[in-house]
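Notes follow once the structure below has been shown.
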Amino acid sequence: MMRYIGLIILFGLIVSCSKNVPFESCENSLSDHVEVSSMFLHQKGNKIVDQNDNEVFIKAVNLGSWLHFEAWMLGAPLNITDLEKGSESQIISRFTELYGQTAADDFVNTIHNEFITESDFQDISELGFNTVRVPINHTLLDNQDGWNKLDSVISWAEENDLYVIIDMHAAPGGQSNSFPADPDNVLLWDDINAQDQLVFYWEQIADRYKNNPTIFAYDLLNEPDPSSEDQLLLLYDRIIDAVRNVDTQHLLLIEGSDFSRDFNSFSYRLDHNMAYSPHVYIWLGFNDDQWINSFVALSNCHDTPVVIGEFGEDKMDDIEGLRKGFQKLSGWAVWSWKKVETGGQPGINTINAPSEWLDLMESLMEPTGTAAVMTESQAFDALNDFLQAASSPVRNEGYEAALGLN
């Protein structure tokens with residue numbers, strides 16, 4: 001996710017290097033496809049419909065920094081010169097260095113179990129959302145506890161009349177150099193083994209949940225930044241083939257290159273049941289009318305829905321303006337449900353983190369070899385105090401109205 005860190009990514013450079021609009025021309029585009037009939041939410045033309053062909057508009061919230069950590073959302077200082085700093089791997093490896101592997105495992109599991117709970121799903125449903133987008137790190141699925149947690153997510157959603165988007169937020173190797181992708185020394189695009197692993201993860205996910213109608217969609221790859229458009233298309237083809245080998249029902253969300261801001265490489269739809277999923281932030285050069293009209297053109301050209309996978313701003317007027325523009329599309333997912341206030345782009349809920357927790361998070365951003373600022377016992381006391389604060393965050397005034405909820 002690129003959110004508030006766009007200013008960090010040297011705003012002018014990013015905007016100058018990207019396309020003027022996400023989708024420029026319908027020329028030579030191919031829109032022939034097979035209509036699907038499903039008991040699940042699915043695509044029908046450029047709409048999303050239920051089993052009775054009633055149109056469904058997606059109103060989702062992202063559950064950021066829960067099953068995939070982002071240090072800035074947890075209260076760590078944001079490093080404006082090092083975009084790789086603040087990744088999940090850095091948090092965990094530094095905690096391991098300071099307190100040992102067993103303590104690090106307990107740290108991760110405690111956050112997974114307590115940062116967001118079933119009561120959050122109840123609140124989300126009562127606010128008027130109909131979907132949660134759940135960012136995950138691929139490493140979540142390396143043990144049974146991770147799968148059990150994902151099972152719980154889907155169960156909580158079902159019990160609270162919510163749909164689920166499973167979002168591969170951090171792929172093996174990392175799909176970009178920025179910390180939300182949890183990049184490794186060799187990125188996904190340059191490592192065929194990492195690509196094989198990603199395909200395998202998606203085949204596992206699809207096989208496990210193929211009969212579950214609570215899942216709205218599989219978001220195959222968050223904010224990819226490939227070296228070439230061909231790399232992205234070839235990898236998507238591999239993932240889609242693997243998913244469709246075991247699951248023909250669930251809708252697939254397809255993100256564009258340049259951190260899901262550029263869809264010009266798609267001259268045809270990649271699957272019979274899919275939607276495009278751009279990410280929209282004003283500080284990354286978004287122009288309301290021009291870009292929204294471009295998304296509408298993409299939707300009409302490919303006869304395919306468009307669901308905004310992420311958006312969020314500092315000002316409620318901007319949130320409301322974007323949300324109203326998105327009514328021309330098939331849905332949106334706001335970033336994010338809760339976070340520590342770090343000086344920009346609030347979540348729907350703000351966590352008033354205790355000072356000891358902020359000290360711990362700052363120490364986890366320090367280089368390898370830097371001494372611990374507290375003992376292991378103190379670190380877990382800070383974690384418990386933080387999670388207590390996270391269980392009763394402060395609702396940001398005006399967010400509900402800006403999103404048109406209830």
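The values are calculated or read from the model by the stated rules, or taken from the named source; none is laboratory data. This one's a predicted model, so the numbers in the text were calculated from it and none came from an experiment. Quick reminder, even Gly has a Cβ in these numbers, built from the backbone with ideal geometry, and neighbours come from all protein chains shown.
Residues in the range 127-142 include at least one that is over 28 Å from residue 202 (Cβ atoms) and assigned to a helix (DSSP H, G or I). Could you grab me the full set of residues in the range 220-240 that are surrounded by fewer than 18 Cβ atoms within 10 Å (Cβ to Cβ), free of Cβ contacts under 8 Å to residues at least 40 places away in the same chain and not hydrophobic (A, V, I, L, M, F, W, C)? Selection gives 227, 228, 229, 230, 237. Residues that are surrounded by fewer than 18 Cβ atoms within 10 Å (Cβ to Cβ), in contact (Cβ under 8 Å) with a residue 60 or more places away in the chain and under 29 Å from residue 357 (Cβ atoms) are absent from the range 166-174. Residue 291 passes every criterion in (1) part of a helix (DSSP H, G or I); (2) at pLDDT 95 or above apart from (2).
Determine if the range 356-364 includes at least one residue that is on the phi < 0 side of the Ramachandran plot, assigned to a strand (DSSP E or B) and hydroxyl-bearing (Ser, Thr, Tyr). So far as the range 356-364 goes, no, none of its residues is on the phi < 0 side of the Ramachandran plot, assigned to a strand (DSSP E or B) and hydroxyl-bearing (Ser, Thr, Tyr). For the range 95-116, the set of residues classified as part of a loop (DSSP other than H, G, I, E, B) and exposed (fewer than 15 other Cβ atoms within 10 Å of the Cβ) consists of 100 only.
Among the residues of the range 261-284, those that are surrounded by 19 or more Cβ atoms within 10 Å (Cβ to Cβ), in a loop (DSSP other than H, G, I, E, B) and out of contact with any Pro (no Cβ under 9 Å at 6 or more places or on another chain) comprise 266, 269, 271, 273, 277, 281. Picking from residues in the range 285-310 that are among the polar types (S, T, N, Q), surrounded by fewer than 19 Cβ atoms within 10 Å (Cβ to Cβ) and closer than 18 Å to residue 321 by Cβ, the one that is nearest to the chain's Cα centre (by Cα) is 287. Just give me the residues in the range 228-243 being touching a strand residue (DSSP E or B) at 6+ places or on another chain (Cβ under 9 Å) and either among the β-branched types (Val, Ile, Thr) or closer than 15 Å to residue 210 by Cα (or both), in sequence order. Hits for the range 228-243 are 239, 240, 243.
Once the range 316-362 is narrowed to residues that are small (Gly, Ala, Ser) and under 30 Å from residue 85 (Cβ atoms), the residue that is farthest from the chain's Cα centre (by Cα) is 355. In the range 379-406, the residues that are modelled with pLDDT under 95 reach residues that are part of a strand (DSSP E or B) and of a type in the set (D, E, K, R) with C-beta atoms within less than 8 angstrom, at least six apart or across chains, in these pairs: 405/59.
Under the condition of being surrounded by fewer than 18 Cβ atoms within 10 Å (Cβ to Cβ) and of a type in the set (Asp, Glu), the residues counted in the range 204-219 number 1. In this structure, residue 387 does not qualify as among the aliphatic types (A, V, I, L, M), crowded, with 17+ Cβ neighbours inside 10 Å, under 23 Å from the mean Cα position of the chain (by Cα) and over 28 Å from residue 98 (Cα atoms). Among the criteria (1) out of contact with any Asp or Glu (no Cβ under 6 Å at 6 or more places or on another chain); (2) farther than 27 Å from residue 348 by Cβ; (3) at pLDDT 95 or above; (4) among the aliphatic types (A, V, I, L, M), the one residue 30 does not fulfil is (3).
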